[in-house]
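> Handing you this structure, nothing more for now.
A short reminder: the numbers here are calculations on the coordinates, not readings from a lab. This structure is a prediction, so every number in the text was calculated from the model and none was measured. Ideal geometry is used to build each Cβ from the backbone, glycine not excepted, and the neighbour counts take in all protein chains shown.
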Amino acid sequence: MKISQLSASVVAAILAIPSSLATPIAEIDAPMQFVNISSSFVNNAIPGNGKFQPRSGNHYAHFCDNYNCGDAYTYVDNFGCGGKCYNGFFAHSVALGQDGSGNPKPTGSMFSSSDCSGSYQSVGILSGQLTSCTTKSGSGGWQSAYLYFNC
């Protein structure tokens, strides 16, 4: 069965699974011209490359009150592409991680203010790594963050 001229957002809405039930294992990264709903769906769904692009699995940010990413007390899992200011913590280090080695990797902008304003320190995971630990430079701690994945 073919459904002609569906946009990626329409197909994503049709295929949506509530995040409370499952974490997506693939994402659509190109405009779609058709969807072939059959046993060969995975191989035919995306014109141009013929395959789903794998995600890097679950990803997280753990805010820690010490300087070595131990004793995390605030957790944010599977965040999206910015737009939300996470606050309500005071951290001296942040651990970022992901399940798989693919790209994109989670990153963040860490702020000393409680409202994600002013100067910030960028945090991320180095190429070839699955986790990172970044310590606050200078005095004080972080009180808010914008977190990014798949932007």
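> Against the conditions (1) touching a residue at least 60 places away in the same chain (Cβ under 8 Å); (2) in a loop (DSSP other than H, G, I, E, B); (3) within 15 Å of residue 124 (Cα to Cα), where does residue 82 fall short? Just the number, please.
Here residue 82 clears every test but (2).
> Consider region 57-79. How many of its residues are more than 16 Å from residue 144 (Cα to Cα), crowded, with 20+ Cβ neighbours inside 10 Å and free of Cβ contacts under 8 Å to residues at least 40 places away in the same chain?
The number of residues fulfilling the criteria is 0.
> Which residue, of 114, 101, is more than 14 Å from residue 58 (Cα to Cα) and surrounded by fewer than 16 Cβ atoms within 10 Å (Cβ to Cβ)?
So the residue among 114, 101 that is more than 14 Å from residue 58 (Cα to Cα) and surrounded by fewer than 16 Cβ atoms within 10 Å (Cβ to Cβ) is 114.
> Condition first: assigned to a loop (DSSP other than H, G, I, E, B) and in contact with a Pro (Cβ under 8 Å, 6 or more places away or on another chain). Now tell me which residues in region 107-151 satisfy that.
The first filter runs over region 107-151 and keeps only residues assigned to a loop (DSSP other than H, G, I, E, B), leaving 112-119, 125-130, 136-141, 149-151.
If the condition is that a residue be assigned to a loop (DSSP other than H, G, I, E, B) and in contact with a Pro (Cβ under 8 Å, 6 or more places away or on another chain), then 125, 149, 150, 151 are the ones that fit.
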